[in-house]
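The structure appears below as structure tokens.
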Amino acid sequence: MKAIDIIHAEHRALGAVVQALRFVLDSIRAGSAKPDFVLLDAMIEYITEVPDRLHHPKEDEVLFVAMLRAIPECADLIQQLQHDHVHGAQSTLHLRAALAQYQAHVTSGLDVFDAIATRYIDATLAHIGLEERALLPLARRQLTPAEWAGIDAAFEANKDPWSGPTGEFRTLFTRIVSMVPAPYGLGAALD
Ligand SMILES: [Fe+2]
Ligand SMILES: [Fe+2]
């Protein structure tokens, strides 16, 4: 079940990025950090490139299709998760627009960006939690080895390009992690 390992790893990485975004926003609000727009832009780029363009499509086009075929009673759960994917991609566009507004109006723009980012972070963590708690255990229990062989092959063929040593998103991910101050990232701790 390589596909499940890949999904777990992508959930962990996305969870780390959104938790880091929360930490950065908390630090700006508390006055212990100034807004770093290079960092915020890299985080939103990651969210656009990895969950929206890479992770969710693999779930939608491969795992969900196989589960709906083999486990019809999971239809409501899958519908909820598909809705989250669509809504997540729309939220990314709002986040991007709100970040541009924030950058243009640094003193007054924080509240709106913070509110939109907080909704995105909460929704993302809830979505990951639902897949980890409800979807993946069901898939692990009910799909047959033959079904897994097909899913694993599809996931292997569309492997996430940031986990490999030369992947383009690995550079982006490393950039985010090294820009985020400790304890969430590898950057210098805040005073
Ligand atoms: Fe998902
Ligand atoms: Fe997922």
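The values are calculated or read from the model by the stated rules, or taken from the named source; none is laboratory data. The model shown is predicted, which means the values in this text are computed figures rather than measured ones. Positions of Cβ are backbone-derived with ideal geometry, glycine not excepted, and every protein chain shown enters the neighbour counts. When the accessible area is computed, the model is the full protein with side chains, heavy atoms only, and any ligands, DNA or RNA have been set aside. Shrake-Rupley method; radii C 1.70, N 1.55, O 1.52, S 1.80 Å.
Some values worked out for this structure:
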item	result
In the stretch 45-63, residue nearest to ligand 2 (Cβ to nearest atom) [restricted to those that are aliphatic (A, V, I, L, M) and surrounded by 21 or more Cβ atoms within 10 Å (Cβ to Cβ)]	L63
Filtered residues of the stretch 143-153 (kept if part of a helix (DSSP H, G or I) and either open to solvent by less than 20 Å² (accessible area, probe 1.4 Å) or modelled with pLDDT of 95 or more (or both))	W148, I151
